[in-house]
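K.L.:
Below you'll find the structure I mean.
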Amino acid sequence: MNKEKGTIILYVAILCIILIGCLALTIFVVPSFFQESTRIVVMIIWIALTVIAMPIENDHTRFKGKNEKIKTTLIIVIIYYIIYFLLGLIVGYKKSPYSRSFFAIIKNLFYIVGLIAMQDFVRSKVINNQRKKINYVLFTLIFVLLRLDYTEGLKVMSSGEKIFEYFASVIMPELAKGCVCTYLAISGGTLLVYAYSIPVALYQVLVPIFPDLDWFLTSIFDILISMIIFLYNNYEHTIKTTRLTRREKKKINPIRRIPMIMALLLVVAFIAGFLPAKPIAIMSYSMVPTFSRGAVVISVDMNERDLHKLKIGDILHYKSENGEVIHRIIDIKEGKDGKLLFQTQGDNNNVPDKNLVEEEQVIGCVKMYIPYIGYPSVWFSEKILGVKSFITI
């Protein structure tokens with residue numbers, strides 16, 4: 001066994017021990033992974049690993065176009081987070097979860113930004129010590145696992161819905177970040193990884209407010225920045241390491257993918273209900289024969305003026321005590337305060353709904369529907385998430 005292989009095995013063993021130790025501390029010793037004593041132990045271990053990794057030599061001559069990649073990555077990250085921050089002008093802002101006192105900021109810079117810096121330094125050193133695909137996959141998974149908060153992970157085991165939310169909002173973004181950091185380490189070394197990971201960490205720690213996006217859209221944005229960084233760095237790496245004609249360079253230019261990315265964002269925004277029109281999978285038979293369980297209807301948001309245009313026979317989308325309901329309007333009345341009250345009933349129901357629908361309960365009006373295509377969503381909601389409501393968005 002040569003020295004390089006021995007070094008790789010040693011690092012794998014040490015990282016696995018850290019991971020197992022963190023799990024054990026989280027489950028059996030301390031109630032929170034980020035309790036002060038645990039954080040100190042983890043920092044000491046990573047400082048030791050960083051010192052051990054310093055003598056490992058990497059052949060930096062293979063990092064062609066490294067400076068250009070670093071500049072490109074920094075520009076993309078800065079522009080991306082400016083746009084992300086300005087998005088709050090549309091959706092509103094929420095306060096940062098981190099304390100804003102001077103000493104708390106210094107501590108977060110050390111424990112969060114410092115820890116990420118050391119992890120990415122070790123990542124770059126170890127991955128470039130022996131360039132094999134199995135090592136790339138192995139260390140990507142290890143570093144993703146090391147960055148997860150297992151205390152939060154244990155809290156979500158009570159329901160399928162919470163498990164899915166944790167997987168989509170935490171694990172998937174961390175996996176995307178881990179993959180792009182590994183790629184940056186391979187193609188440009190530690191400084192290129194820092195050009196991506198350090199500004200992201202500084203943004204999280206230093207910015208006092210964030211756009212008030214729900215977990216779904218936040219995870220989409222986290223995955224999107226990773227995808228953009230990968231596309232542009234892959235382009236830079238390809239044109240620096242491969243002889244291409246002008247036509248071939250133009251063909252692989254990531255700018256050509258912008259329309260595809262924008263279309264993907266629109267689809268995601270539509271599915272997430274971020275647009276005025278949103279798709280809804282029907283989970284009951286109450287509107288048979290108009291549409292049945294498994295159909296997808298398109299609900300269009302309504303303002304106060306639109307409410308007065310509603311008429312008997314329109315299909316209303318509204319909030320109730322049991323969730324959200326889509327039923328037909330069978331009568332419209334006017335309350336004492338002058339506001340409209342809607343009497344609704346499912347086409348397949350023998351009696352009207354028990355309570356009148358007030359204006360504040362109205363979400364939208366159904367404009368069209370597509371049969372059958374919502375069955376996967378219905379099955380997933382009921383079997384995996386355990387949702388037992390009229391509809392799901």
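The values are calculated or read from the model by the stated rules, or taken from the named source; none is laboratory data. Please read all numbers here as calculations on a predicted model, not as lab measurements. Positions of Cβ are generated from backbone atoms using ideal geometry, with glycine treated the same way; all protein chains shown enter the neighbour counts.
K.L.:
Which is closer than 22 Å to residue 56 by Cβ and assigned to a helix (DSSP H, G or I), of 122, 113?
P.N.:
122 is the lone residue from the list that is closer than 22 Å to residue 56 by Cβ and assigned to a helix (DSSP H, G or I).
K.L.:
With the structure loaded, tell me whether residue 212 is farther than 30 Å from residue 238 by Cβ, surrounded by fewer than 17 Cβ atoms within 10 Å (Cβ to Cβ) and in contact with a strand residue (DSSP E or B) (Cβ under 7 Å, 6 or more places away or on another chain) or whether it fails that test.
P.N.:
Answer is yes for this residue.
K.L.:
Please determine whether any residue of segment 55-67 is exposed (fewer than 10 other Cβ atoms within 10 Å of the Cβ), modelled with pLDDT under 80 and either part of a helix (DSSP H, G or I) or within 23 Å of the chain's Cα centre (by Cα) (or both).
P.N.:
yes
K.L.:
Report the residue count in segment 308-329 for those that are surrounded by 16 or more Cβ atoms within 10 Å (Cβ to Cβ) and either polar (S, T, N, Q) or not in a loop (DSSP other than H, G, I, E, B) (or both).
P.N.:
11
K.L.:
Residues to consider are 153, 92; find the one that is surrounded by fewer than 19 Cβ atoms within 10 Å (Cβ to Cβ), over 16 Å from residue 200 (Cβ atoms), assigned by TED's automatic domain parsing to the domain that holds residue 73 and touching a residue at least 60 places away in the same chain (Cβ under 8 Å).
P.N.:
Sole residue among the options that is surrounded by fewer than 19 Cβ atoms within 10 Å (Cβ to Cβ), over 16 Å from residue 200 (Cβ atoms), assigned by TED's automatic domain parsing to the domain that holds residue 73 and touching a residue at least 60 places away in the same chain (Cβ under 8 Å): 92.
K.L.:
Going through 206, 231 one at a time, which residue ends up being in the same structural domain as residue 87 (by TED's automatic domain parsing) and surrounded by 17 or more Cβ atoms within 10 Å (Cβ to Cβ)?
P.N.:
231
K.L.:
Given the structure, is residue 168 in the same structural domain as residue 126 (by TED's automatic domain parsing), touching a residue at least 12 places away in the same chain (Cβ under 8 Å) and crowded, with 17+ Cβ neighbours inside 10 Å?
P.N.:
no
K.L.:
While we're here: Does residue 139 count as over 15 Å from residue 201 (Cβ atoms), of a type outside the set (D, E, K, R) and surrounded by 14 or more Cβ atoms within 10 Å (Cβ to Cβ)?
P.N.:
yes
K.L.:
Check residue 241 against each of (1) surrounded by fewer than 16 Cβ atoms within 10 Å (Cβ to Cβ); (2) in the same structural domain as residue 327 (by TED's automatic domain parsing); (3) touching a Lys or Arg at 6+ places or on another chain (Cβ under 7 Å) and name the one condition it does not meet.
P.N.:
Result: residue 241 passes all but (2).
K.L.:
Something else about it: Somewhere in segment 135-145, is a residue farther than 25 Å from residue 82 by Cβ, part of a helix (DSSP H, G or I), free of Cβ contacts under 8 Å to residues at least 24 places away in the same chain and touching an Asp or Glu at 6+ places or on another chain (Cβ under 9 Å)?
P.N.:
Looking for residues that are farther than 25 Å from residue 82 by Cβ, part of a helix (DSSP H, G or I), free of Cβ contacts under 8 Å to residues at least 24 places away in the same chain and touching an Asp or Glu at 6+ places or on another chain (Cβ under 9 Å), one finds none in segment 135-145, hence no.
K.L.:
For segment 293-350, name all the residues that are among the acidic types (Asp, Glu), closer than 30 Å to residue 375 by Cβ and free of Cβ contacts under 8 Å to residues at least 40 places away in the same chain.
P.N.:
Answer for segment 293-350, where residues must be among the acidic types (Asp, Glu), closer than 30 Å to residue 375 by Cβ and free of Cβ contacts under 8 Å to residues at least 40 places away in the same chain: just 321.
K.L.:
Would you mention how many residues in segment 237-295 are on the phi > 0 side of the Ramachandran plot and at pLDDT 75 or above?
P.N.:
Summing the residues that are on the phi > 0 side of the Ramachandran plot and at pLDDT 75 or above in segment 237-295 gives 1.
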